[in-house]
Amino acid sequence: MAAASSTTSAETRTARRLTDSHGRIIHDLRVSITDRCNYKCVYCRTGEYGAQYPELAISDYLRLIKLFVNLGIEKVRLTGGEPLLRNGLIELVQELAGLRTSSGEPLDIALTTNGHLLDKMAAPLKAAGLNRVTVSMDAVDAPTFERITRVPGSFKKVLTGIRAAKAAGLAPLKINCVLLRGFNDNEIEGFARFAREEDVIVRFIEFMPLEEDRLWSPDIVVPLKEIVTRISSEMPLVPLAPREPSETARRYTFSDGIGEIGIIAPVSQAFCGACSRVRLTSDGKIRTCLFSQVEHDLYGRMRAGQPDTELSDYIVQTIYAKEARHHIGEPGFLKPSRSMVHIGG
Ligand code: SAM
């Protein structure tokens, strides 16, 4: 288990690691900085705004993130809700860019966004120290896209945002597309062409039971095998070797080596055994799995005045007890109390 001390000298610094009881090293933290969103994607939101969870001050996120980084977290992904809606985002990225991991490397800072506000924010985010951005985009056909987001004009905004992010040097840029049978599964081949034409990495994600409405069923999930078969019948795919064991996407290129496609298959080919992630919700609760039935109130302890040493011990113990795996599709599966938009995707 990782130690909770905070040695800073380069000579004495030894890389700390957070581990769980299943032997997995946890080095990836996803932090939701708001659960508000300006899109109402049909597979995610009910369309009503409903109750929101509280947001912490940016300085509180920073203090909590520093604790995780001192314990061995190497990558922080800011998410939401829609993180670009959050005041103080640029300042938070600036502060994170000044942190070093426990092995002395710069922290890897990434962001997941719907891209709607990215045209104006890409360059300031890059200047603040953001390393990478992932844009969610569920169709390359504008009317289909806007039927999903339920926001008129959103396709043009997101495309402009993607191009601004590339121009700002936030590359390689990843596009995440959640596929749902009957909604956007006719977009698969179009996305493969889009990846090549726009020089972006498109990653298809299997739909998980994390929506606000009750929509999920196994029939609506478009599985990895089907995606590979369909793209290959138009443009043969060539598998790429994983870059690291905890990589969630199976990666492919095309036979001419131009373009990259990834498929994230948490339903048909779960990758829990290699999971390296934990999450912090916008109200400061640790979630050790997307499908956790329990949350761990880290911020509550901080607000009650616990010192960093005690908060660090709490993080270590909580992560040690991380669930072995999710149980999607199994009898007795329980949906988590929060949907994706309120957890932080
Ligand atoms: N607003 C940001 C965005 O759109 O990327 C960040 C939050 S959003 C909840 C993060 C990602 O979760 C998006 O790519 C979204 O498509 C994905 N997502 C939402 N619900 C999902 C579900 N039930 N299964 C799989 N992915 C889902």
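If the condition is being among the polar types (S, T, N, Q), open to solvent by 60 Å² or more (accessible area, probe 1.4 Å) and touching a residue at least 12 places away in the same chain (Cβ under 8 Å), then the stretch 222-267 contributes only 255. Residues in the stretch 160-186 that are open to solvent by less than 60 Å² (accessible area, probe 1.4 Å) and in contact (Cβ under 8 Å) with a residue 60 or more places away in the chain were compared, and the one that is farthest from the chain's Cα centre (by Cα) is 180. Residues in the stretch 129-154 that are more than 16 Å from residue 179 (Cα to Cα) and in contact with a strand residue (DSSP E or B) (Cβ under 8 Å, 6 or more places away or on another chain): 129, 130, 131, 132, 133, 134.
Could you look through the stretch 14-37, keep only residues that are open to solvent by 40 Å² or more (accessible area, probe 1.4 Å) and either among the small types (Gly, Ala, Ser) or within 16 Å of the ligand (Cβ to nearest atom) (or both), and pick out the one that is nearest to residue 323 (Cα to Cα)?
Initially, the stretch 14-37 is screened for residues open to solvent by 40 Å² or more (accessible area, probe 1.4 Å), giving 14-15, 17, 21-23, 25, 30, 36.
With either among the small types (Gly, Ala, Ser) or within 16 Å of the ligand (Cβ to nearest atom) (or both) added as a condition, the list becomes 15, 21, 23, 30, 36.
Working: 15: 24, 21: 9, 23: 12, 30: 17, 36: 28 Å.
Applying the filter and picking the extreme gives 21.
The criterion of being more than 15 Å from the ligand (Cβ to nearest atom), open to solvent by 30 Å² or more (accessible area, probe 1.4 Å) and in contact with a Gly (Cβ under 7 Å, 6 or more places away or on another chain) holds for residue 58.
Within the stretch 123-142, the presence of a residue that is among the polar types (S, T, N, Q), more than 30 Å from residue 16 (Cα to Cα) and either in contact with a helix residue (DSSP H, G or I) (Cβ under 6 Å, 6 or more places away or on another chain) or surrounded by fewer than 21 Cβ atoms within 10 Å (Cβ to Cβ) (or both) is excluded.
Among the criteria (1) of a type in the set (A, V, I, L, M); (2) surrounded by 20 or more Cβ atoms within 10 Å (Cβ to Cβ); (3) over 25 Å from residue 145 (Cα atoms), the one residue 78 does not fulfil is (3).
Being in a loop (DSSP other than H, G, I, E, B) and on the phi < 0 side of the Ramachandran plot is the filter; apply it to the stretch 81-97 and report the residue that is surrounded by the fewest Cβ atoms within 10 Å (Cβ to Cβ). Please lay out each step first, then the result.
Applying the first criterion (in a loop (DSSP other than H, G, I, E, B)) to the stretch 81-97 yields 81-82, 86-88.
Subset that is on the phi < 0 side of the Ramachandran plot: 82, 86-87.
Values: 82: 22, 86: 20, 87: 11.
Looking at the filtered set, the residue picked out is 87.
The values are calculated or read from the model by the stated rules, or taken from the named source; none is laboratory data. Here the structure is a predicted model, which is why all the values come from computation and not from measurement. Please note: Cβ atoms are built from the backbone with ideal geometry, for glycine as well, and neighbour counts cover all protein chains shown. Just the protein is used for accessible areas: all its heavy atoms, side chains included, with ligands, DNA and RNA removed. Shrake-Rupley method; radii C 1.70, N 1.55, O 1.52, S 1.80 Å.
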